Amino acid sequence: MTKRRGSPLAWGLLGVGMLYLLVPLLATFQFSTQIQAARGIPISFLAYNNVLSAPALAESFVFSLRTALITIAVSVLIVVPTAYWINLRMRFLRPVIEFLTLLPFVIPAVVLAFALIRSYNGTDLTNTRDGVYVLMVGAYVMLSFPYMYRSVDTGLQALNIRALTEAAQSLGAGWGTILFRVVVPNLLVSILNGAFITFSIVIGEYTIASLLSQPGFGPYMFSVASRKVYEPSALAMLSFGLTFFTILLIQRLSRGRNVGTAVR
Amino acid sequence: MAYLDLQNVEKHFTNFTAVQNFNLSVEKGEFVSFLGPSGCGKTTTLRMVAGFETPSAGEITLAGADITRLPANRRNIGMVFQSYALFPNMTVRDNIAFGMKIARKPADEIRRRVDEMLGIIHMQEFGHRFPHQLSGGQQQRVALARALAIQPQVLLLDEPLSALDAKIRLSLRQEIRQIQRKLGITTIYVTHDQEEALSISDRIVVMNKGRIEQVGTPLEIYNTPQTAFVASFVGTLNVLQSTVKDAAAGHVMVADQPVNVGKPIREPGGAAVAVAIRPEAFGLGEAGNGANHLRGTVEDMYFLGSVVRLRVDVSGYTISADVFNNQQLALPNRGEMVTLHFMPEACMVLPKTAEVTAGVE
């Protein structure tokens, strides 16, 4: 990269882009503070107060938080050994898996939810409360698969995984030791990346949660939006802030750990 | 039975044979090199000893026990890789301690042994560094210490110096040999570098196309190669196409100049054979005692310090001749006619059909 400042045109385009992103955000924020404007108070955070004091918010948020953590755990347990094994022994399968990771982008969430409901109709997965929850987590694991797999796969590419595995084997390590003492620690950043993206998907997910009648944060936001005027904007700002914070966390963690994972 | 025994070991992959008919006995404490071009099966053989590949046929025994099908992590064999393969998430100390931690050795024993290993590789002050903070040569020394820390029955080195630059390569090679001698550890060393193999080994196994060409001490491999491949792969060789004049007496003609190879030739009179001579077998000027002489024109000279390499055109063949440097050495000029002498015993007669690839440097 040269130290050039960039042409005025580039800066102009960047400015237009930023305006396109920031204006609606600022407008939403401005609107969320108007709840008492009619009473002569130009800026008020009452809407935020209302949102945060509603017990349903905390309930739905905790519900989605728990779901997100379970999804991440399941996803990591499935994806890490799979990606490791494919990179180690079944590299010919990589194109196939890469194609599969595209499917969640191609198949709409509505189709996924209905397909799951129809396929498992009449079984415990649709007839019991816990079953439906499992079904939802299953759907989320599928949604998280592309992000988790690609992130872990990239991490594995950066390591000389075959030589590391063989070095560990020659020192007496079995598969469990190799996976948990060599592979996972060196993939921590990749796993965290995948985990945070999964987290932000699951927290705000609406379609699947609502079709399976689950009290998630997404459906809650939607119900608030259909009943109130100012509170949805406040909720949107809070949700945005949370996502932003998550992304910030990802960057922080990956920057801090990058040095430790650099491999020649 | 020897300490490490490979009997009729073969390895077939789906569409090619990597190793066939491999027989080798390695004595305890011996340093054996596998030497050959890439794809000759040397690494595959090493990987079968390490347990990363299973032989298609044959048997491998170590200290009397059959290890042919034993998983790699139960063999107690130390391995050093070309790519170092240090664990990036662990410090130097943790890397060295890894094998002992798996073996559940007591903490103070591990600490003592790690200190000892750091001393052996002269890296005491680097214990708390991470691999990415070390140079390539340092990383490879740590990898060596890590492999030795578990007190393996055999140490395997797979082209350990290939990724390093020339100077480090030379010093680390000597260090590896010193450590090996000190610990008396049985070692197999894979390399494609003949100089490396010649300088470091007790015995060399020269391989080509999945087969052993010759097993012998460095001196035997260099001075009495038994196949055309060994002759051409190890060291520099002048190959002169010639015609048999008198098979029984060992007389051939190199173009129009007679050469005595000192022993009867299997091919009949009139047949074409190749006569191979090492560059250092030549001397400048005339010599008595039944020496051969070839006359030619000096094309070029390279001053290499202790030796001077002459390139001499002899009847259309370019011959490399190494002359030792000394105070009295009078070098000819370029384009000057010179006489080269060499003893009949220095000639190796190779069948014409033999594929001689690495002729002149």
_Consider segment B:62-99. How many of its residues are farther than 27 Å from residue B:164 by Cβ and touching a helix residue (DSSP H, G or I) at 6+ places or on another chain (Cβ under 6 Å)?_
1
*Hey, does segment B:127-142 have a residue that's assigned to a loop (DSSP other than H, G, I, E, B) and among the basic types (Lys, Arg)?*
yes
*Pick from B:107, B:145: which is more than 10 Å from every other protein chain (Cβ to nearest Cβ) and either free of Cβ contacts under 8 Å to residues at least 12 places away in the same chain or of a type in the set (Ser, Thr, Tyr) (or both)?*
B:107
*Exclusive hit being outside any helix (DSSP H, G or I) and not polar (S, T, N, Q), set B:230, B:205*: B:205
*Look at residue B:69 and say whether it is assigned to a helix (DSSP H, G or I) and more than 9 Å from chain A (Cβ to nearest Cβ).*
no
*asked:* Within segment B:258-292, take every residue that is among the polar types (S, T, N, Q) and touching a helix residue (DSSP H, G or I) at 6+ places or on another chain (Cβ under 7 Å) and give me the one that is farthest from residue B:307 (Cα to Cα).
replied: B:260
*Mind telling me which of the residues B:337, B:301 ends up being at pLDDT 85 or above, out of contact with any Phe, Trp or Tyr (no Cβ under 7 Å at 6 or more places or on another chain) and exposed (fewer than 12 other Cβ atoms within 10 Å of the Cβ)?*
B:337
*Might you let me know whether segment B:168-180 holds any residue that is assigned by TED's automatic domain parsing to the domain that holds residue B:21 and in contact (Cβ under 8 Å) with a residue 60 or more places away in the chain?*
yes
_Can you pull out every residue in segment A:164-199 that is within 12 Å of another protein chain (Cβ to nearest Cβ), among the small types (Gly, Ala, Ser) and assigned to a helix (DSSP H, G or I)?_
A:167, A:168, A:170, A:176
_Conditions first: (1) over 19 Å from residue A:49 (Cα atoms); (2) touching a Phe, Trp or Tyr at 6+ places or on another chain (Cβ under 6 Å); (3) more than 14 Å from chain B (Cβ to nearest Cβ). Residue A:214 passes all but one, so which condition is the exception?_
(2)
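The values are calculated or read from the model by the stated rules, or taken from the named source; none is laboratory data. Since we're looking at a predicted model, the values are computed, not measured. A quick note on method: Cβ atoms are made from the backbone with ideal geometry, for glycine too, and the neighbour counts reach across all protein chains shown.
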